Amino acid sequence: MRYIDVFNLAYRTVISHKLRSILTALGLIIGIASVIVLTSIGRGVHSYVLSEFTQFGTNLIAVFPGKTTTLGLSGATISTVRPLSLADAVSLSKLDSISAALPLVQGNARIEADKKQRRTTVLGVGAAVPEIWKIKVAQGRFLPKNEQANPRAFAVLGHKLSVELFAGRNPLGQRIRIGSDRFRVLGVMEKKGQMMGYDMDDTIYIPTAKALDMFDREGVMEIDLLYNSKIQLKQVEKEVKRLLQRRHGREDFSIITQDQMLKSMDSILNVLTLSVAALGSISLLVGSVGILTIMTIAVSERISEIGLLRAVGAERGMIFKMFLSEALVLSFIGGVVGIFLGIFIVQMIKFAMPVLPVQLAWFYILAAFIISLLIGVIAGVIPAIKAAKLHPLDALRAE
Amino acid sequence: MIELENIHRTFQVGEQSVHALNNINLTINKGEYVSIMGPSGSGKSTLLNVIALLDQPSSGIYSLNNQIVTQLDDNQLAQVRRENIGFVFQFFHLIARYSAAENIEIPMILAGVPIQERKQRVADALLAVDLQQRATHRPDQLSGGQIQRVAIARAMIMQPQILLADEPTGNLDSKSGEGIIELLENLNQKQTTLVMITHDEALGSRAQRIIRLIDGKIV
Amino acid sequence: MMIQDTLSYSYMAIKTQPIRVMLIILAMSIGIASVTILTALGESARLYIVNEFQSLGTNLIIVLPGRTETTGGQPPLFGATPRDLTLADAEALYRSHHIAAIAPVSVGAAPISTKGLEREVTILGSTSALRRVRHLSLSKGHFLPESDANKALSICVIGQTIKDELFAQQQAVGKWLRINDRRFRVIGVLESEGQSIGVDFDDMVIVPVASAQALFNTQSLFRILVETKSKQGMYKAVDDISEIIKQRHEGEDDVTLVTQDSVVNTFDEILAAVTLTVASIASISLAVAGILVMNVMWVSVAQRTAEIGLLKALGATKGQILCLFLTEAAMLSFAGALTGVLLGKITLMALQISYPDFPFYLPVWAIFSALAVSLVTALIFGVLPAKQAAGMNPVTALNKR
Ligand SMILES: Nc1ncnc2c1ncn2[C@@H]1O[C@H](COP(=O)(O)OP(=O)(O)OP(=O)(O)O)[C@@H](O)[C@H]1O
Ligand SMILES: [Mg+2]
């Protein structure tokens, strides 16, 4: 018997039990579609988070005070006996491999402009912010270069802060007060939005040295370095480490590269996607038990048919193939429809809720399809063996 | 007690309509013994199904015990069936997974008869059809004649006034058939109205009245 | 028709198809077990974390320097402010009579050393009140003594990890420790907290707050931890604290107050939402199992057509037939649900044995809702096939072989 005939026969049987076949496939369809939708959401979150991080560029290294830093948060960030200084930042920026250095201090203060005032985040930074963090200046300009040690009292406003304080008036050149110190507004940044729950627009940028004074601190909280992309990261890391060790006499700082960050983020997010896929696969598993059940029923219902086929000369192998291909046809239909349904739902989500990051995860879609075929084979084999093993006489007598 | 007036029953099969019962007028009195005869496809089973309230006539009036039953809804029909009509089929129709006793019990279960009473009545019914020894046997462990006796016991368990039988001996050898007929006639002697379809002239002529059907008409 | 008759009829019908029944039970139990297990995991995690947070202290208010006006943003967790939150601020809070204890906290990193062993650790400066506020317990020695917070005593209390690393098997209490360039005498060792969220006290050295400020050359505090006298007094205390600080800061409202309650509630809500989401995703599998129940019921109805016809001929009403088949579906689902709950319970017990530290907990409502959901599933998915059975024409049904 030719394969095409086997499949044709199986297909005809599947079609003749329309309702039953639809329901059986439906179990699989729901399973596959939910795997696809869930992994698409996982995938979407994955690339959303990564893009949030890479929007700052990828050739970034951050140096933190303190040796025990995990992801930049430790006691040393708050205060330490061995601070990272502005001078450290300056000398780091002079390394060949480093194209810009940004010493960072973060704080919180009240900003006053004429009658209006607002409490907000104060970032003590260097001139390299637009270059390193990839934020554009919307109006005016950013803090001037080469004023690291003894800067003038200039400030640049985040978009939201500018709106809150000046409400449509031109903020450029205006005098404002931060805490008790006076500053002059030099520029306004473009709108940037939230970044991991932190409002980038409700901030003010002032020179690091001024921030250190204002907050009465000795050291910076972080130094961000932009390195030359032509140079190997390992090499850059080594140079930064060597320089700081020479300046401090010991290794009392931690280096975290954007690369490491992205890698650990990536692996965390991959685990997330994998777990939602696993969650969705529970339905797939239940769906496959469904196919197994229906195939078992199919064999027991058609015992006399099997007897007849055997009596007219069908071999065991053929009976086996017949039932196996029936399961395969079912699971194939389930798989294909499930994939289309899943993709359709994902597109609907995209359409209905554009803010929700969804992205088709082709790897999982392919995996889902292969799994659906595997389910067909596994769920088909046991009943098919049972069918093939039937003795023709017993089978005929069953009626 | 059974009165049929101008009963018609047509079946629609695609474009074609089959006139299975064509203007049947028939009265059967209480305690009567009637046999229905006629060629295959003449409408015998259709008539019996209508009398049994299993099927509804397309038009005409059927009254049972002076009550018009053509208008009743499904639940009421079920109740009338349960209380007034016993049915014996050519193909027995016992539930294979139940024992003889349990099969006999089914109508009482449906009617909600208390368990104690059920057991007693089943035992009596088994005695009446002479199957005390077979109470726990399942249908596949019984002969055709025994199966039909179980079916008769089941039909009579609610003590209906009417017993309908559609070729009750059609699937039996003549000896077991004889036994079944005697059983049914005994019941008839105890005032049960008996209506029986048969193809066998000899059997049919044992009835008080023979109704002959041809092409859905009484002749 | 009596209930026990309905049940026994359905049971007899199911019994004839053992393999089919086992498969349905398997399918249903996979769904129920995974919902149960995931709910239990989520609930356990929620309880665990809420508990952990509660064990951080009772009626706790945290005063952070700085305040942002962005709505819904995070509080200024570790930013600096032009006007410090000082020890004097902390002491002034005693003016509120809703407050039971105040622990000022300053934090920084510094290298510590004994006999050539050096490493950098987090130094936490506080007062004797910290012990009460944070529910710390000691394995050896004493905690910081009650004394003037402004006195920079050269004593310290060390965490268990630090004790192990610097003193190994030796007695630590009474020994001297060098923090940066100053010498401190160890007066106590904290009991290990084991797995704990938030701050790792095991890897920390606690010194008097004034000593820490001297060490890091600063006047500012990182936080002030406040314990109120009662839960009811919490909100009054919050008002008092804002008021006092405002007065002291020339009318400026420049601190953020976080109550333990609000933190606990936030986590509580987040974890409850996560649990709900995960459990709902898992219950998609219940729908799939329900479809299987429906499918098999349809097969049953088809295979028992003649029987349905017979029952009708014997006077069964539509309602009775519907009831019989629904009962059958419910029995199948219920058996699956019971197995599933059992399976879930066993899995959780196995997990508990493998992770004895984490309390696994299967809420009773989860068990009952699993059973209820399975019944509802059965009724929803069983209704169509049962209706079909109930609506069959008795004559055609009887003649079907
Ligand atoms: N459900 C149905 N749909 C269509 N036609 C039907 C149906 N039931 C019966 N008929 C037709 O009605 C006519 C009468 O059938 P019925 O079963 O009553 O015959 P019968 O006299 O019992 O025959 P037999 O002796 O072979 O049992 C036949 O022509 C049959 O084809
Ligand atoms: Mg007939």
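The values are calculated or read from the model by the stated rules, or taken from the named source; none is laboratory data. Predicted, not measured: the structure shown is a model, and the values here were computed from it. Because the Cβ atoms are built from the backbone with ideal geometry, glycine has one as well, and the counts that use them run over all protein chains shown. For the accessible areas, the whole protein counts, side chains as well, though only heavy atoms, and no ligand, DNA or RNA atoms are used. Shrake-Rupley method; radii C 1.70, N 1.55, O 1.52, S 1.80 Å.
Before moving on, here are some points about what is shown:
- Being acidic (Asp, Glu), open to solvent by 40 Å² or more (accessible area, probe 1.4 Å) and under 36 Å from the mean Cα position of the chain (by Cα) is not true of A:Glu218.
- Residue list for the range A:181-236, filter: assigned to a helix (DSSP H, G or I) and touching a helix residue (DSSP H, G or I) at 6+ places or on another chain (Cβ under 8 Å): A:Thr208, A:Ala209, A:Leu212, A:Leu233
- Residues that are within 16 Å of ligand 1 (Cβ to nearest atom) and closer than 15 Å to B:Val88 by Cα within the range B:178-219 comprise B:Val195, B:Met196, B:Ile197, B:Thr198, listed in sequence order.
- Flag not set for C:Ser242, criterion: over 23 Å from C:Thr68 (Cβ atoms), surrounded by fewer than 17 Cβ atoms within 10 Å (Cβ to Cβ) and outside the structural domain of C:Tyr48 (by TED's automatic domain parsing).
- Inside the range B:177-217, residues that are away from ligand 2 (no atom under 16 Å from the Cβ), in contact with a strand residue (DSSP E or B) (Cβ under 8 Å, 6 or more places away or on another chain) and hydrophobic (A, V, I, L, M, F, W, C) make up a count of 5.
- C:Arg119 being surrounded by fewer than 20 Cβ atoms within 10 Å (Cβ to Cβ) and outside the structural domain of C:Lys175 (by TED's automatic domain parsing): no
- Just one of the numbered conditions (1) small (Gly, Ala, Ser); (2) more than 15 Å from ligand 1 (Cβ to nearest atom); (3) open to solvent by 40 Å² or more (accessible area, probe 1.4 Å); (4) more than 9 Å from chain C (Cβ to nearest Cβ) is not true of B:Ser40: (2).
- Residue, farthest from the other protein chains (Cβ to nearest Cβ), within the range C:92-116, restricted to residues that are under 35 Å from the mean Cα position of the chain (by Cα) and surrounded by fewer than 17 Cβ atoms within 10 Å (Cβ to Cβ): C:His97
- Among the residues of the range C:367-383, those identified as hydrophobic (A, V, I, L, M, F, W, C) and either surrounded by 14 or more Cβ atoms within 10 Å (Cβ to Cβ) or part of a loop (DSSP other than H, G, I, E, B) (or both) are C:Ile367, C:Ala370, C:Leu371, C:Val373, C:Leu375, C:Val376, C:Ala378, C:Leu379, C:Ile380, C:Phe381, C:Val383.
- Residue check for C:Phe325: surrounded by fewer than 23 Cβ atoms within 10 Å (Cβ to Cβ), among the aromatic types (Phe, Trp, Tyr) and out of contact with any Lys or Arg (no Cβ under 7 Å at 6 or more places or on another chain): no
- Whichever residue in the range A:81-96 is outside any helix (DSSP H, G or I) and touching a residue at least 12 places away in the same chain (Cβ under 8 Å) and, among such residues, is most open to solvent (accessible area, probe 1.4 Å): A:Asp96
- Restricted to the range B:1-33, and to residues there that are more than 16 Å from ligand 2 (Cβ to nearest atom) and in contact with a Lys or Arg (Cβ under 6 Å, 6 or more places away or on another chain), the residue that is nearest to B:Lys217 (Cα to Cα) is B:Asn22.
- Within the range A:240-278, the set of residues being closer than 19 Å to A:Ile365 by Cβ, crowded, with 16+ Cβ neighbours inside 10 Å and out of contact with any Ser or Thr (no Cβ under 8 Å at 6 or more places or on another chain) comprises A:Leu269, A:Leu272.
- Unique match (being open to solvent by 20 Å² or more (accessible area, probe 1.4 Å) and either within 13 Å of chain C (Cβ to nearest Cβ) or of a type in the set (A, V, I, L, M) (or both)) among A:Ile78, A:Ile36: A:Ile78
- Filter result (within 14 Å of chain C (Cβ to nearest Cβ), more than 13 Å from ligand 2 (Cβ to nearest atom) and of a type in the set (A, V, I, L, M, F, W, C)) within the range B:52-63: B:Leu53
- Selection status of A:Leu212, surrounded by fewer than 19 Cβ atoms within 10 Å (Cβ to Cβ), in contact with a strand residue (DSSP E or B) (Cβ under 8 Å, 6 or more places away or on another chain) and modelled with pLDDT of 85 or more: no
- Listed by position, the helices (runs of 4 or more DSSP H) contained in the range C:1-111 that have at least 1 residues being touching a residue at least 24 places away in the same chain (Cβ under 8 Å) and under 30 Å from C:Phe360 (Cβ atoms) are C:18-55.
- Residue, nearest to B:Asn75 (Cα to Cα), within the range B:52-63, restricted to residues that are away from ligand 1 (no atom under 12 Å from the Cβ) and hydrophobic (A, V, I, L, M, F, W, C): B:Leu53
- Some residue of the range B:78-96 being open to solvent by 30 Å² or more (accessible area, probe 1.4 Å), within 30 Å of B:Arg138 (Cα to Cα), within 16 Å of ligand 1 (Cβ to nearest atom) and modelled with pLDDT of 90 or more: no
- Across the range A:223-239, the number of residues qualifying as open to solvent by less than 40 Å² (accessible area, probe 1.4 Å) and either among the β-branched types (Val, Ile, Thr) or in contact with a Lys or Arg (Cβ under 9 Å, 6 or more places away or on another chain) (or both) comes to 2.
- Answer from C:Leu362, C:Leu348, C:Leu398 - the residue that is open to solvent by less than 40 Å² (accessible area, probe 1.4 Å), of a type in the set (A, V, I, L, M), modelled with pLDDT under 90 and more than 16 Å from ligand 1 (Cβ to nearest atom): C:Leu362
- Criterion: buried (at least 20 other Cβ atoms within 10 Å of the Cβ) and under 30 Å from B:Gly86 (Cβ atoms) - qualifying residue of C:Leu292, C:Leu314: C:Leu314
- Qualifying residue in the range A:315-324 (condition: modelled with pLDDT of 90 or more and open to solvent by less than 10 Å² (accessible area, probe 1.4 Å)): no
- The residues on offer are A:Val336, A:Val329, and the sole one that is open to solvent by 40 Å² or more (accessible area, probe 1.4 Å) and under 20 Å from A:Ser21 (Cα atoms) is A:Val336.
- Wholly within the range B:67-181, helices (runs of 4 or more DSSP H) carrying at least 2 residues that are under 29 Å from B:Asp55 (Cα atoms), within 14 Å of chain C (Cβ to nearest Cβ) and among the basic types (Lys, Arg): B:74-84
- B:Asn171 meets all of the listed conditions (1) on the phi > 0 side of the Ramachandran plot; (2) of a type in the set (S, T, N, Q); (3) touching a residue at least 24 places away in the same chain (Cβ under 8 Å) but one, namely (1).
- Test result for A:Gln194, closer than 30 Å to C:Leu85 by Cα, under 26 Å from the mean Cα position of the chain (by Cα) and open to solvent by 60 Å² or more (accessible area, probe 1.4 Å): yes
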